[in-house]
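Enquirer: Can you read through this structure? Questions will come right after.
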Protein chains: 2
Amino acid sequence: MLLNPAAEKFVVHWGEMGSRWGINRTVAQVHALLYISPKPLHAEEIATTLKVARSNVSTSLRELQAWGIVKVAHVLGDRRDHFETYTDVWELFQRIMDERKKREMDPTVALLRECLTPESPNSRTRGGQPDTLDDFTRHRLTELLAFFESMNAWYDQVRLIPTGALSAFFRMGHKLRKLLTPGSKPAGKTPTHGARP
Amino acid sequence: MLLNPAAEKFVVHWGEMGSRWGINRTVAQVHALLYISPKPLHAEEIATTLKVARSNVSTSLRELQAWGIVKVAHVLGDRRDHFETYTDVWELFQRIMDERKKREMDPTVALLRECLTPESPNSRTRGGQPDTLDDFTRHRLTELLAFFESMNAWYDQVRLIPTGALSAFFRMGHKLRKLLTPGSKPAGKTPTHGARP
DNA sequence: CGATAATTTCTGTAAAGACTGAAAGGTTCG
DNA sequence: CGAACCTTTCAGTCTTTACAGAAATTATCG
């Protein structure tokens with residue numbers, strides 16, 4: 001398959017974006033290609049289009065399936081596996097967020113809790129400097145944990161919104177103000193942080 | 001400076017998280033260290049604590065300053081530059097989001113617009129296959145653009161909230177339902193996507 | 001205005017990650 | 001059941017990125 005210039009530009013850019021967010025470039029490119037493809041593609045076709053090795057595509061597809069955003073589609077009369085991705089951007093986004101939360105947020109929360117537990121069983125057994133955090137550090141980590149917990153709670157609520165209504169929700173930004181200031185009280189802090197030095 | 005085990009665990013973990021999100025591990029570690037440090041640190045102290053080269057710290061600090069989350073603090077009687085980060089997690093978060101939006105979202109939106117412009121001036125001058133996107137691809141890119149624009153608009157509103165009130169906002173998740181369903185009409189789509197194959 | 005301290009820049013090296021091509025493992029079809 | 005086809009795994013290569021140490025630059029002090 002030969003991509004026209006605009007499509008190619010998009011695929012390349014998406015690969016670039018992926019790598020900036022810790023996603024393998026090829027993985028992102030494969031996903032971009034599937035996203036703009038009118039029909040499911042088989043691995044061979046993806047490989048020739050993106051000009052990468054067949055095996056590389058195989059690995060990337062596997063990765064995308066682990067992320068839950070690509071699935072196999074079989075075509076009658078064709079033995080090969082074909083692949084497609086979700087067409088709904090909001091669903092895609094939600095699935096990616098779910099996965100990143102599970103892989104990165106949850107372990108971080110767990111670690112913060114662990115760091116903040118008052119006393120570990122073996123803290124006295126080993127000599128040297130004190131095992132406990134100083135008050136300042138403890139305070140910082142507590143705040144960080146609270147941050148993640150707020151985010152988690154918020155995200156859990158957002159996840160309850162049907163994907164079909166998500167875009168409406170995010171377009172509703174202008175209602176935020178009323179929601180936040182019931183008595184329309186003026187803001188206590190400066191809304192935007194100052195210019196950088 | 002010698003970190004106690006819990007603090008060290010946090011710093012290491014934060015470095016790991018950073019690299020998963022496309023942030024240099026050392027950069028993230030330096031930031032973690034400054035975040036939990038009760039006082040501004042100079043580069044030498046950071047280097048010995050993290051056991052990395054002085055020059056590496058220099059680069060990392062420069063990077064963190066470019067992100068707008070670390071600033072220089074001078075200590076009376078000490079010629080060396082000292083560094084500190086913001087203590088408010090919400091402000092930190094906002095600054096990072098601002099920067100990532102500027103670096104990654106905005107260019108993506110620009111590219112999508114470019115891909116979707118009806119006709120580029122030189123589209124007829126070069127031979128070969130058609131320069132225009134097929135309808136399906138065009139539709140997908142339009143939806144993607146709409147997604148980014150919704151997100152942008154929403155984020156612009158959130159940014160107007162004073163950082164001091166942000167945590168309250170994100171803790172307000174449970175009010176989402178009422179906001180979304182004024183007449184408490186049932187959702188049109190399934191709220192959560194099914195189990196993966 | 002040297003001398004000393006502090007910081008940054010630069011270059012080579014080391015480590016990590018991505019990718020390829022070949023081989024192995026499964027499937028489907030005649 | 002064997003051949004053709006498709007997919008995955010694996011080992012080695014290549015590319016990219018991160019890093020250390022030296023050299024150069026800048027700032028501060030006597």
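The values are calculated or read from the model by the stated rules, or taken from the named source; none is laboratory data. Note that this is a predicted model, so its numbers are computed, not measured. Methodologically, a virtual Cβ is constructed for each residue, glycine included, from the backbone with ideal geometry; neighbour enumeration extends over all protein chains shown. To get the accessible areas, we keep the full protein, side chains included, count just its heavy atoms, and leave off ligands, DNA and RNA. Shrake-Rupley method; radii C 1.70, N 1.55, O 1.52, S 1.80 Å.
Enquirer: Name the residues in segment A:68-79 that are more than 10 Å from DNA strand C (Cβ to nearest atom) and of a type in the set (D, E, K, R), would you?
Expert: A:K71
Enquirer: So the check is Cβ under 6 Å with 6+ separation or different chains; which pairs have a first residue in segment A:45-58 that's closer than 15 Å to A:A28 by Cβ and a second one that's open to solvent by 60 Å² or more (accessible area, probe 1.4 Å)?
Expert: Listed by first residue and then by second, the contacts come to A:T49/A:M1.
Enquirer: For segment B:159-167, check the following and say yes or no: at least one residue is within 7 Å of chain A (Cβ to nearest Cβ), open to solvent by less than 30 Å² (accessible area, probe 1.4 Å), modelled with pLDDT of 70 or more and within 23 Å of A:I69 (Cα to Cα).
Expert: No.
Enquirer: Give, as residue ranges, the helices (runs of 4 or more DSSP H) completely inside segment B:1-116 that count at least 1 residues that are more than 11 Å from every other protein chain (Cβ to nearest Cβ), open to solvent by 20 Å² or more (accessible area, probe 1.4 Å) and more than 16 Å from DNA strand D (Cβ to nearest atom).
Expert: So the answer is B:89-100, B:106-116.
Enquirer: Given the conditions (1) crowded, with 16+ Cβ neighbours inside 10 Å; (2) at pLDDT below 95; (3) within 16 Å of DNA strand D (Cβ to nearest atom), report the number of the one that B:L133 does not fulfil.
Expert: Status for B:L133: all satisfied but (3).
Enquirer: Pick out the one residue from B:I46, B:I36 that is more than 13 Å from DNA strand C (Cβ to nearest atom) and aliphatic (A, V, I, L, M). Explain how you work it out, then say what you get.
Expert: Details: B:I46 fails: more than 13 Å from DNA strand C (Cβ to nearest atom).
Checking each option against the conditions leaves just B:I36.
Enquirer: Shifting gears a bit: Looking for whichever is in contact with a Gly (Cβ under 9 Å, 6 or more places away or on another chain) and within 14 Å of DNA strand C (Cβ to nearest atom) here; the options are A:S55, A:S60, A:S19. Which one fits?
Expert: A:S19
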